[in-house]
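Colleague: To start, I am sharing the structure in question, which I have written as structure tokens.
What follows is calculated from the coordinates using simple rules that are stated; it is not laboratory data. Small disclaimer: the values here were computed from a predicted structure and weren't measured. Positions of Cβ are backbone-derived with ideal geometry, glycine not excepted, and every protein chain shown enters the neighbour counts.
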Amino acid sequence: MTDFFNYFLGEHAVSFHLAGILFSLFGVLVSKYHFWQKRKSPDSKFDYSFWLRDNGLSVSMSLLSSFLLVRFVDIFLQWINPRIEKSFGFEIPVTEDQVFYYLIAGVLLQFWMHVKYRKDKTDEHEK
């Protein structure tokens, strides 16, 4: 069973990934807060139960995707950096403190999900 966890978690310990998931959650919450501030009306109040129902799946998907990205970060960077360099003229930095990737993944995945899949409620009212 120990071999399974070594293969599943890669070179990092469980505590590293738990800390990373926490950092990813921080990034997700910062992104979600940003978009909530952008869309809320001045007299609206925050409703935790609605927020959990409305955002639970995207938060879970971000945390899972962040884990997968960091688990395979070496392969991912080897694949994506040449494409980014060619298109934008920079590369994603390679760092020894890979918890950084969890934080960045949480933020970027939420921005991507929001732009790609989320429709503003004002857009729905205009139709």
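Colleague: In the chain, once you exclude exposed GluC sites (Glu not before Pro) (DSSP loop, at most 13 other Cβ within 10 angstrom), what's the longest stretch remaining?
Modeller: Here the longest segment lacking exposed loop sites spans 12-90.
Colleague: Rounded to the nearest 0.05, what FRET efficiency do MET1 and ASN81 give with R0 = 30 Å and r taken as the Cβ-Cβ distance? Could you check?
Modeller: The formula returns an efficiency of 0.30 here.
Colleague: Shifting gears a bit: Can you check what the Kirkwood hydrodynamic radius comes to for the chain, Cα pairs only, in Å to one decimal?
Modeller: Taking every pair of different Cα atoms in the chain, averaging 1/r and inverting gives 16.5 Å.
Colleague: Next question, about the same structure. Could you give the longest part of the chain that holds none of the chymotrypsin sites (Phe, Trp or Tyr not before Pro) found in DSSP loops with at most 15 neighbouring Cβ atoms within 10 Å?
Modeller: 1-45
Colleague: Can you give the charge dipole size of region 2-119 about its Cα centre, rounded to the nearest 20 debye, using +1 on the beta carbon of Lys and Arg and -1 on the beta carbon of Asp and Glu?
Modeller: Rounded to the nearest 20 debye, it is 840 debye.
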